[in-house]
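First comes the structure, then the notes that go with it.
The values are calculated or read from the model by the stated rules, or taken from the named source; none is laboratory data. This one's a predicted model, so the numbers in the text were calculated from it and none came from an experiment. Don't worry about glycine lacking a Cβ; one is built from the backbone with ideal geometry, like all the others, and counts go over all protein chains shown. The accessibility values were calculated without ligands, DNA or RNA, using every heavy atom of the protein model including side chains. Shrake-Rupley method; radii C 1.70, N 1.55, O 1.52, S 1.80 Å.
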Amino acid sequence: MQNIINLLTRAIFMSTPLILGALGEVIAERTGMMMCAVEGIFLTGAWAGFAGCYLSGNMAVGFLAALICGMLVAMLYGFCTIYLTQHQIVMGTAVAILMTGFCTFFYRVVFGIPTSPLKIETLPVLKIPGLCRIPVIGQVLFSQNIITYITWLIVPVVFYVIYKTAAGLTIRSCGENPEAVEVAGINVRRIRFLAVMVGGCFGGVAGAYYSLCNVGMYNSEIISGRGWIAFGICFLGNWNPVGALLFGILFGISEAVGIYIKAVGGSGIPSELFSALPYMLVIVLTALRKQFNVPAKLGATYVKED
Amino acid sequence: MSNRRTFTDLLLWTVLAFVLGLVVCFSFLPLMGINPFTAAATMFGGVFADVYTMGNILVKMTPLILTGLAFAFTFKANLYNIGAQGQFYVGCTCAVSVSLALGGRMPGWIVMILAMLASVAGGAVIGFLIGYLKAKFNANEFLVSMMSTYVITYIMQLLLRTVLQESKHEYIKTNKLDKSVWLPKILPGTSVTLGIVISLAAAVIVWFILYKTTLGFRIRVTGQNMDAARLSGINPKKEFMTAFAISGAIAGLAGFVEVNGLQHMLLTGLDSDVGSYGIGIAIMASAHPIGVIFSSLLFGILQVGGTVLSHSTDAPASIIDLMLGFVMLFVLISFYFRRKVELARMKKKTAGEE
């Protein structure tokens, strides 16, 4: 029983950055922008978060640095895809290659070649008084770190903004019928650019979660496809914040099971298969789903007639 | 005339983007206490200093041409095969398995042909599966191909750790291949093998398929206008599967030329960038198969140049990714301006005719 509780706690812990990244992706994709730079943004966030925290000794500075750097990368991506009308998937690859080089290069610039890997304390657990004493749920849900709680709070906020406000209507319309939005006197490109910026902030913090909360150090393999999983979660969650939350938890569980099996060992099943589990899950789930509520203009560059 | 003009434009803009990308990248070097001008001189001096290093450009190009072609081929069908890396690994695994099992027991060239066929078939199967999911279940091919890379990487690691592991069971890699199954070297004094010939031939064949056969025509029509394709009796779903299978086969072939040509064994994390570089290469060439050769050349020069730089100065090896990233970025930006200049010129021309 205790094992299962630990497993679930770990699952919730691992789901946070995926949910956060997927939420950013939802906001951007609702306006018709595929955030293919997400892997590069995650990596930048992980790097900036680590560097900010290590140099200042303050977690908050680390997360702030990650947020800003994630936003900057998203702005570069947004500028090239929206204003210079370049292809989104291709641009995403370019950003990923660039940021891989950039982060490794600047890790070297800032830290030189350390004799032993630089480590920091990971973000501590924040037990919510009272609630954390509830059996099972208390440990699983209310003994997490602060970023996890904030992420849960963001889910209804994003949901409310997208479905219940005028701004949300504009966001969704940009993805469904940009011409109509333009006729209504709203600048489609600006909306898309802003949405990508917000998505970048989310992605940056999500990336920093891996370096600051999960391992307490930085290396270039720290993300290894998690950005793309967040991208997939946005698809599977039907571009809905609640869907992102549910699928985020599902992938958190699959990651936690992999970690657990590797730690326990002796199951007879090779650990590599468990590492591959989340990725296989994306493939199977995308294939199984019949109906997707894809924003009509997702991935299509909006060219303003003049 | 207009064709030649477009070509000159493309060349000029790409060179400009290339230079700008390098300038921006090198402007970071003073942070490491390296003079960017000496670095540039070291890099280009080093790359063209001797035949061996120049040969290395061709060596680096060999798999890149193929992964570039793999992306370009599906791109023509308006599909995205982001999973060339995975198909490359499948090709590697197939080639190394066949070569290890049969190497030394049969004439080398027969084994090599079998290994080549195996790697092509392996890549094609993975490509076909992705195309099948796209055609039958309307799965997002971009997402599926991206994820397949990670799954394949882990499975390859598993195989390397178990059945394929070297006899001493120390490292996660295979035994060295028998010398009889190494692709023969073709240029004395370099490591250039027959692999580059295979890659170049593949580029020509892909060009032929795309532009001179009905299969290629069907694929291109599907990519340009799916409704028009359907109305003229083309089944887009069938073309998805064909395009993906061929794309996967090309990426698988890259595994063969890399394993039997250069590495002579398989180890984890081998050429982990070859897939994403392929995407950049295909885009720089506007997905034209012959153009892919030249943009691979560019990537090859940068890779070898970066290696020279990191060996002879304090610059880290990550300078390679930084250079490639900035060059790709500026090339993409140049596409926008080239198009703009072209449109302006067309406008002027029509205005003049009136």
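Worth a mention:
- The charge dipole of region B:63-293, taken about its Cα centre with unit charges on the Cβ of Lys, Arg, Asp and Glu (plus for the first two, minus for the last two), comes to roughly 420 debye.
- With the convex hull drawn around the C-alpha atoms of region B:63-293, the volume per residue stands at 119 Å³.
- Using a cutoff of 8 angstrom between alpha carbon atoms and counting only pairs six or more residues apart, the relative contact order for chain A works out to 38 percent.
- The translational diffusion coefficient of region A:139-190, from Stokes-Einstein at 37 °C and 0.692 mPa s with a Kirkwood hydrodynamic radius over alpha carbon pairs, comes to 253 µm²/s.
- Since only A:LEU298, A:LEU281, A:GLY227 are under comparison, the one whose Cα sits farthest along the positive direction of the charge dipole of region A:184-306, derived from C-beta charges on Lys, Arg, Asp and Glu, is A:LEU298.
- Spatially proximal lysines relative to A:LYS297 (Cα-Cα < 23 Å; intrachain offsets below 8 disregarded): A:LYS164, B:LYS76, B:LYS134, B:LYS136, B:LYS237
- Note on B:ASP314: accessible area approximately 110 square angstrom, rounded to 10, probe 1.4 Å, nucleic acids and ligands left out.
- Approximate spin-label separation A:ARG133-B:TRP109, in nm, with each point projected 7 Å along Cα-to-Cβ: 8.4
- Considering only GluC sites (Glu not before Pro) in DSSP loops that have at most 13 other Cβ atoms within 10 Å, the longest stretch of chain A without any of them is A:1-120.
- Qualifying lysines (Cα of each under 26 Å from Cα of B:LYS349; at least 8 residues distant if same chain): A:LYS304, B:LYS340
- According to the calculation over all Cα-Cα pairs in region B:232-354, the P(r) per 10 Å bin from zero is 10, 27, 30, 19, 10, 3, 0 %.
- Sites A:ILE269 and B:LYS348, calculated FRET efficiency, Cβ-Cβ separation with R0 51 Å, nearest 0.05: 0.15
- For chain A, the longest principal axis of the C-alpha atoms and the axis of helix A:188-208 are separated by about 10°.
- Distance between the C-alpha centres of region A:1-61 and region A:145-200: 19 Å, rounded to the whole angstrom.
- Between the alpha-carbon centres of region B:319-340 and region B:222-282 there is a gap of 23 Å.
- Cα gyration tensor shape of region A:15-224, rounded if a/c is under 1.5, else prolate or oblate by comparing a/b with b/c: oblate
- Percentage relative contact order, chain B, counting C-alpha pairs under 8 Å, at least six apart: 34
- Here is the list for region B:163-238: chymotrypsin sites (Phe, Trp or Tyr not before Pro) lying in DSSP coil, each with at most 14 other C-beta atoms within 10 angstrom of its C-beta, are B:TYR171.
- Estimated translational D of the protein assembly as shown in µm²/s (Stokes, Kirkwood radius over Cα pairs; 20 °C; 1.002 mPa s): 83
- B:SER99 sits among other residues whose Cβ lies under 15 Å from its own Cβ, and their net charge, with Lys and Arg +1 and Asp and Glu -1, is +1.
- Rounded FRET efficiency, nearest 0.05, which uses the C-beta distance separating A:VAL109 from B:PHE217 and R0 of 56 Å: 0.65
- Taking the longest Cα principal axis of chain A as reference, the axis of helix A:88-111 is set at about 50 degrees.
- Label point 7 Å beyond Cα of A:TYR83 along Cβ direction - residues of region A:30-48 with amide nitrogen under 18 Å: A:33
- For region A:126-258, the relative contact order works out to 15 percent when only alpha carbon pairs closer than 8 Å and six or more residues apart are counted.
- Within 10 Å of the Cβ of each residue in A:105-117, the mean number of Cβ atoms contributed by other protein chains is 3.
- Total formal charge among the other residues, if their Cβ is under 11 angstrom from that of B:LYS134, Lys/Arg +1 and Asp/Glu -1: 0
- The angle separating the long axis of helix A:59-78 from the principal Cα axis of greatest extent in chain A is about 30 degrees.
- Sites B:VAL341 and A:THR301 - FRET efficiency at Förster radius 25 Å, r taken between beta-carbons, to 0.05: 0.85
- Spatially proximal lysines relative to B:LYS168 (Cα-Cα < 20 Å; intrachain offsets below 8 disregarded): B:LYS176, B:LYS179
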